[in-house]
Amino acid sequence: QVQLVESGGGLVQPGGSLRLSCAASGSIFRIYTMAWYRQAPGNQREWVATSPSGGVAAYADSVKGRFIISRDNAKNTVYLEMNSLKPEDSAAYHCTMVVVTTSNSKPNDYWGQGTQVTVSS
C-alpha cells in the first residue's frame, strides 16, 4: 500500500504565499507523474499542476506564473509553492502520484486526503 500525506495548508492573506508538501510512503518501487489538484466547496475538482518524471512541469492557466511545482525523488515528495495568492485559490489541495509498487507491477494512481488553503483578509 501507498499513502500520500499533504501538509502546509492554512490561512493566508491575499497576496501572500504558502508552500504545500506531499510525501509518499509505503511500498514504492518508482514514482512517475506527481500532480496537484484542488477542489472548492460546490465546485468540481480542478487540475493545478503536474510534474512528470523527467519532463517539463505544466500548469493550469489560472495559476501559471504564480505557482511552482517541484519534486524531490529521493524523498518521494512533491511540493507546490504558491505565490500572489488570491481568494479564488481557496480550496482543498490534493496531491496525486502514479506509483509502481514492485518491479513487475502496473502503475496505479494514489491520492492524498488534502490540505485546506484559505485566502482571506
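Points worth noting:
- V2 of a type outside the set (K, R) and open to solvent by less than 40 Å² (accessible area, probe 1.4 Å): yes
- Scanning the stretch 31-65 for residues that are out of contact with any strand residue (DSSP E or B) (no Cβ under 7 Å at 6 or more places or on another chain) and open to solvent by less than 80 Å² (accessible area, probe 1.4 Å) returns G55, S62.
- Among the residues making up the stretch 75-121, those that are closer than 22 Å to Y32 by Cα, touching a residue at least 24 places away in the same chain (Cβ under 8 Å), in a loop (DSSP other than H, G, I, E, B) and in contact with a strand residue (DSSP E or B) (Cβ under 8 Å, 6 or more places away or on another chain) are N76, T101, P107, G112, Q113, G114.
- Sole residue being over 19 Å from A74 (Cβ atoms), of a type in the set (G, A, S) and modelled with pLDDT of 95 or more, chosen from A40, A24: A40
- Evaluating S21 against the criteria (1) part of a loop (DSSP other than H, G, I, E, B); (2) closer than 17 Å to T115 by Cβ; (3) open to solvent by 10 Å² or more (accessible area, probe 1.4 Å) leaves one unmet condition, (1).
The values are calculated or read from the model by the stated rules, or taken from the named source; none is laboratory data. This structure is a prediction, so every number in the text was calculated from the model and none was measured. Ideal geometry is used to build each Cβ from the backbone, glycine not excepted, and the neighbour counts take in all protein chains shown. Note: areas computed on protein heavy atoms with side chains; ligands, DNA, RNA excluded. Shrake-Rupley method; radii C 1.70, N 1.55, O 1.52, S 1.80 Å.
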